[in-house]
Amino acid sequence: MADFLGSQCDYCRSSITLGQRWVREKIYDSSLNSRDSSYRCYHAESFEGRDGSCWERYEREREMLRTTAHAA
């Protein structure tokens, strides 16, 4: 994947720099009922001392929210 310079991680808000692996999530704005999309970017590799990458942590939190919502 190409470098995405000038962007920041939507999870930790740190810059995504040259050489870092990253993930891009495509977001559609359903409230506008259109095909317009935007993107969120996340670090794909974990930082030293962290449990998982920003993308993995974001996905775990999102899954916990889905599980909690279905249990209620």
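Each reported figure results from applying straightforward, stated rules to the coordinates on display, with no laboratory input. As the structure is a computational prediction, the values presented were derived from the model and not from experiment. Don't worry about glycine lacking a Cβ; one is built from the backbone with ideal geometry, like all the others, and counts go over all protein chains shown.
Here are some notes:
- Under a 5 Å amide H cut-off, with hydrogens placed 1.01 Å from N, Gln8 pairs with Ile16 among residues at least 5 apart or on other chains.
- Computed from backbone phi, the HN-Hα couplings of segment 22-30 come to 8, 10, 10, 10, 8, 10, 9, 8, 5 Hz, rounded to whole numbers (Karplus: 6.51 cos²θ - 1.76 cosθ + 1.60, θ = phi - 60°; Gly and Pro given as x).
- Karplus-derived 3J(HN,Hα), 6.51/-1.76/1.60, for each residue of segment 57-69, Hz, glycine and proline x: 5, 4, 5, 4, 5, 5, 5, 4, 5, 4, 5, 5, 5
- Since only Tyr28, His43, Trp55 are under comparison, the one whose Cα sits farthest along the positive direction of the charge dipole of the chain, derived from C-beta charges on Lys, Arg, Asp and Glu, is Tyr28.
- Over the chain, DSSP H runs of length four or greater, each weighted -39,500 (n - 2.57), average out per residue to a 222 nm ellipticity of -8500 deg cm²/dmol.
- Packing order of peptides 35-43, 9-17, highest average first: 9-17, 35-43 (average count of other Cβ atoms within 10 Å over each peptide's residues).
- Space enclosed by the convex hull of the alpha-carbon atoms of the chain, per residue, Å³: 119
- Proximal charge balance of Ser46 [Cβ under 12 Å; K/R count +1, D/E count -1]: -1
- Electrostatic bookkeeping for Ser37 treats Lys and Arg as +1 and Asp and Glu as -1; over the other residues with beta carbon under 14 Å from its beta carbon, the sum is +1.
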